[in-house]
Each structure stands twice: as C-alpha cells, then as structure tokens.
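All remarks here apply to the structure that follows.
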Amino acid sequence: MISVRNIVKAFGGMRAVDDCSFDIADGTITGLIGPNGAGKSTLFGIIAGFEPPDSGHIYLGDEDITALPPHRRFHRGLLRTFQTPRGFENMTVLESLMMVPAHQTGESLAGAWFRWGRVKAEERRIREKAEDVLEFLQLTHLRDTLAGRLSGGQKKLVELGRTMMTDARVVLLDEPGAGVNRTLLARLAEDIKRLNLERGYTFCIIEHDMDLIAHLCHPVVCMAQGRVLAEGSMAEIRADERVLDAYLGGDPSQAGTSADETREAAP
Amino acid sequence: MELTGLLHYGVFTLTMVGIYGVLALGLNVQWGYTGMLNIGVAAFYAVGAYTTAILTAAPSPDHLGGFGLPFIVGLVGAGVVAGLLALVVGLVTLNLRSDYLAIASIGIAEIVRLVLKNEAWMTNGVRGIAGIDTPLASLVPGYADLGYLVLVGVILALVYWGVQRAFRAPWGRVLRALRENEPAALAAGKNVLAFRVSAFVLGSVIMGLGGALYAHFNGYVSPSDFQPMLATFLVWVMLIAGGSGNNRGALLGALVIWLVWSGTEMLAGLMPEGLGTQASALRVFLVGLLLEIILLTRPQGLLPEKPPRRVDE
C-alpha cells in the first residue's frame, strides 16, 4: 500500500531520516517503534506530505506521491494524526468532524451564496455521518462541546473520528496512546481494531506503549537513528539483539515497556 | 433650522457608520474568520475609492479619466480592482506566517499611498479627484444625503447577508478551522492556501466597496482621506471592540466607535482656542482608552464570537 524508498531528511548536519525504506502492507496495522529521535515522526510528516524529503520516494500503491501536497494525498485516502492532539479549540466536536469531508459544495463562496439548497442537503447528510462516527466512538454526549474543553484522550478519539469522516485507506497515527488514561486507551485500541477489520483501514502506528503495540500491530518496524533496524512480528522484534541494544533493553528510562517513563523522557 | 441641522448630523453619522460597517465586515472576514493580520486596510479602501472616482467622475485633464460612468459601474469596478490587488498580494504573502502578512500589508498600504500622492497623471496627486456624484440625491427632495443613506444601508445589508451566509457555510467552517489550527486543517485535506486567498480577496473586495461608498458620499477623494489612523486603526478598533469573528459585533463596533470618534470631535470644538492640536491627540487617546476598557471588561468584544447556527436547522 505505502512504500517508503530510500528517504533521507537532514536538519542542519543531523540526518533525522537516513536512507529509510520499508512497506506498510495493505490491511495491516503496522507498528513503528524506536527511541526518541529515531526519525519516526519526521518520517510520518514526509509520508503525509507535510515536509519534503531531501531524497527518496513515497509510493501509494504504484503511484509516486513524493511531490503531492498534503491535501491531495488526503483525497487519495492517506491521512495522518499528530503526536499532540491538534483540535480546533473554538469549534464544537460535531463541527470539527463535519469540516472533514472533501469537495463540499458550501466550501466555495459561489456554492454558499447560490446553491444554498444543495449545501443544506449535504450538511444534513454530513451531520448524520458525523453523528454515526460519534456513536461509534461513544462520544455522542460531547457533540456540542467545544473541542478545546476535551481531555487529552477525548481529543485523540475525536482525531481518530476525523479520519472516519472520509474514505480513508491508510491512516498514520502518531502516538495515539500518549497522555490517554487506561480506560480510554482500551477503547481507542478496540476502535482501531474494528476500523481495521470492519472498514479495511490500513494503519501505521507510532507508539511507545509496547503493550499497545503487541496487542495491535503486526508487523512491527523498529527504527533507530533514522534507519530501519529490524522488521517482523513483535516476538521477533523483542528477541532482536540490535533492538534490545538500541531501544528495548538496557537503560530502563529508554525501555519503552513502561510507557509513562518513556513519555517523561520525551521532549 | 435646528431640527434640520440635527437631521443632517444624524444622516451624516449613520452614513459614516454604514461605510465603516462595510469596512469592519471586510476586516472580519480576514481577521475574525481567518486570523489574517491585515494592517493595510487603508490600501484596499483607497483603491476602491479612487477606482470609482476615476470611473465615474466627469472627464478632466488633471487625472486619468474620468469616464463619467454610472455609480454601479464604479462600485463593481472598485470591488474588482481591490480584489485583484488582494489576489496579487495574497498569492505572494499568504504562504508566509501571519506576522509576515502584517508587515507586508503595512508595506502595501504605504506603496498605495505613495502611488496616489505621486502618480499625478492618474490621481491628480495630493489635490485629489473632485466631482464624484452622490447617487439617489434626489430621492427625498431637499434632503440630498438621505437618499444616499438608503443606498448605503441596502449595500451594507447585502454585504452582511453575503458574509454571514459564507460564515455559516462550510467555507466559514474551514476558515475557522485553519485559524484554530493550520496543520490539522491540512491534515483534514484542506487546501489551506486557496482558502486563505479566497478569504483575503473577499475581505478586500468588501473594503474596496467601502471605499467606493465613501468616495460617492464625500464627492471628493485625496490621499489624506486614507491616512492609517482613519482608514486602518479605526476599523481595527471597531472590529476588536465589537467582537471579532462576529458580524453583528463588527457592525455594533462601527456604530459605537464612530459615535465616540465623532462625538469627541465636537468636544474638541468646545475646547478653548489654541488647544485644537492637543484635542485631536486627545481623541485618539480616548478611543484607545475605550478599547482598553472594553477589552478588560469584555475580552472578546461586545458581542463575542460563537459557533454559527447550523446550516441544516
């Protein structure tokens, strides 16, 4: 589905992503793990089109999308979320879902002024869809709450909900578990699973919570210093000497088995 | 006599409130909806005023034209030219961060002011363009300005309808989203630059219309009409005091601030002679003070922004 080929991205003299290649296969929930500074989030930004790579290519299926702007990748079904949830503080939860679907008639001024009937009909349809999404995520009670008032975990759920407002094919989730309490986290994990099974979403998930990764992801890709260190099942990754050295073994503050500790170490 | 004087003052005040209301609505599209810091309102205001002046004034050897065209052509032309200027400026600057737009917009306003002053073949320089018709002057016999006030009211109502509907529509929703959080709007697949440019152009077209309304009301335009103080600062104060992001707030702000502004002018007239210059400084001070008080007591303005009524209700 997504092929990352020889991506290089340097900031100053530091190579954040250094000749990185791997695949996100169709229908998988691929985990992307690695120590802080391994280049995972930078790579997400490059895959989603938020930053251009210095060299290398990104393919969606057979198509080279390296030069496409983010909104065009979105229209092809490639979506991302952010490490720190980024909501629309002064918009209601319902509104922040309803803004997502592409090519709405009322998104142009001409549509808003001269095709009001059609805008109304579309809005009704989109609202019903948004309400379905809220029901799926068990957030119906927060429908008219301003997004700025949500807790961190609820924001993550709404962010996941935004990806459900369109025909997503691949969704990149950047630390969906960060700052989310255990109860919400379990729900989030179930929602991700269901979206994968029922709607056929392909996911790629950056996460430091190894329980969550082990529970959801196959395969798992481990990055360190901008490169792919190892790929395989979680069991294979856990047994890999290089991964133990770079990430999972040794210093407990870098261990990643205890998510909270890793988060404290995060910048 | 007394009564006609009062009526005349009332009509003058309401017309100016109407014109500033149009400007404040235009700025609200840019700043209130979208968070674009345009400190060059004067540029689009002036371009609108001069466009209609050149298009509608009687032919004159002192400046370009005039072409003696009807009011409506001048009005549309003012919107079009202001919009084209905004399109050029927007495509260059709107990919920049908002503080850069602020600096660029100051620069644009200054360039426009210098062009108006120095390109005398087109604008008659500092002497300005005179002989601009006030339409509908004969609507109410004996009260020339009353007919024009009606016209300003109609145009203000149309502009209000247009911006309010656009605000409620998905267009306004996307603008609010990208104001709140640009990366998330990008991640939601929106072409952020295109939305920004459309909002910047719409706001500037409206400012151009405001300029045209002013030119036809005053009958005369010169560069001194578009000093930043009058043409940019006051509009910003109106929007912030009234409530940015709220169209009714913008109109209320235009009313309140204009009343204070013109009221203090009378105050200045009452001051002893020789204090005239101090008095004009005092006016600016008073308007600033009022803004401070409003922001301290109602930080989001008199009528704060709220999510608009849903379209499908």
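Quick note: the coordinates plus some simple rules give every number you see, no bench work behind them. These numbers were taken from a predicted model, which means no experiment stands behind them. Heads up, the Cβs are rebuilt from the backbone with ideal geometry, glycines too, and the neighbour counts pull from every protein chain shown.
List of remarks:
- Under the convention that each Lys and Arg Cβ holds +1 and each Asp and Glu Cβ holds -1, the size of the dipole of the protein assembly as shown around its Cα centre is about 1180 debye.
- For region A:230-244, putting each phi into the Karplus relation 6.51 cos²θ - 1.76 cosθ + 1.60 with θ = phi - 60° gives couplings of 7, 9, x, 6, 4, 5, 4, 4, 4, 8, 6, 4, 5, 5, 4 Hz, in residue order, rounded to whole numbers and with x for Gly and Pro.
- Within the protein assembly as shown, antiparallel bridges make up roughly 60 percent of the DSSP beta bridges whose residues both belong there.
- Estimated from the Cβ-Cβ distance and a Förster radius of 41 angstrom, the FRET efficiency linking A:ARG124 and A:ALA186 is about 0.75.
- Chain B: angle of helix B:247-270 to the longest principal axis, Cα-based, in degrees nearest 10: 30 degrees
- Seen against the Cα atoms of chain B and their longest principal axis, helix B:170-180 is set at about 80 degrees.
- Protection proxy ranking, peptides B:40-50, A:131-141, B:221-231, A:78-88, average beta carbon neighbours within 10 Å, highest first: B:40-50, A:78-88, B:221-231, A:131-141
- Converting the Cα gyration tensor eigenvalues of region A:91-145 into ellipsoid dimensions via √(5λ) gives semi-axes, longest first, of 24, 10, 9 Å.
- Each residue of region B:54-67 was assigned a 3J(HN,Hα) from its phi angle through the Karplus expression (A = 6.51, B = -1.76, C = 1.60, θ = phi - 60°), giving 5, 6, 10, 5, 5, x, 8, x, 7, 8, 4, x, x, 9 Hz with x at Gly and Pro.
- Normalised by 2.2 N^0.38 Å, where N counts its residues, the alpha-carbon radius of gyration of chain A equals 1.04.
- Rounded to the nearest angstrom and listed largest first, the equivalent-ellipsoid semi-axes of region B:1-64 from its Cα gyration tensor are 27, 24, 7.
- Amide proton proximity set for A:MET91, modelled H, under 5 Å, gap of 5+: A:ALA147, A:GLY148
- Amide proton proximity set for B:GLY243, modelled H, under 5 Å, gap of 5+: B:LEU302, B:LEU303
- As computed over region B:96-170, the Cα convex hull volume per residue (Å³): 156 Å³
- Taking Lys and Arg as +1 and Asp and Glu as -1, the other residues whose beta-carbon sits under 14 Å from that of B:VAL159 total +2.
- Relative contact order, percent, region B:60-144 [alpha-carbon distance under 8 Å, six or more residues apart]: 35 percent
- According to the Kirkwood relation over distinct C-alpha pairs, the hydrodynamic radius of the protein assembly as shown is 26.7 Å.
- Relative to its residue count, region A:160-256 spans a Cα convex hull of 110 Å³ per residue.
- Listed by chain and number, the lysines whose alpha-carbon sits under 26 Å from that of A:LYS129, ignoring those within fewer than 8 places in the same chain, are A:LYS120, A:LYS155, A:LYS156, A:LYS193, B:LYS190, B:LYS306.
- Between region A:1-52 and region B:171-193, the C-alpha centres lie 25 angstrom from each other.
- For region B:95-188, trypsin sites (Lys or Arg not before Pro) are listed when DSSP marks them as loop and at most 16 other Cβ atoms sit within 10 Å of their Cβ; the list is B:ARG97.
- Peptide-level mean, for A:116-128, of C-beta atoms on other protein chains within 10 Å: 3
- In this structure, the amide hydrogen of A:MET223, modeled 1.01 Å from its nitrogen in the peptide plane, lies closer than 5 angstrom to those of A:ILE33, A:GLY34, A:LEU229, counting only residues at least 5 positions away or on a different chain.
- Length-normalised contact order of region A:67-154 in % [C-alpha pairs under 8 Å, at least 6 apart]: 40 percent
- Compactness of region B:14-126 - radius of gyration and Dmax, Cα, Å: 15.0, 44
- Antiparallel DSSP beta bridges within chain A, as percent of all bridges there, nearest 5: 60 percent
- In order along region B:285-296, the Karplus-derived 3J(HN,Hα) couplings, from 6.51 cos²θ - 1.76 cosθ + 1.60 at θ = phi - 60°, round to 4, 5, 5, x, 4, 4, 4, 4, 4, 4, 5, 6 Hz, and Gly and Pro are given as x.
- Inter-chain Cβ neighbour count for A:183-194, averaged per residue, equals 0 (cutoff 10 Å, partner chain atoms only).
- Between the C-alpha center of region B:240-258 and that of region A:174-206 there is a gap of 45 Å.
- Relative contact order (%) - region B:12-227, alpha-carbon pairs under 8 angstrom, separation at least six: 40 percent
- Whole-number D in µm² s⁻¹ for chain B, Kirkwood Cα-pair radius fed into Stokes-Einstein, 37 °C, 0.692 mPa s: 164 µm²/s
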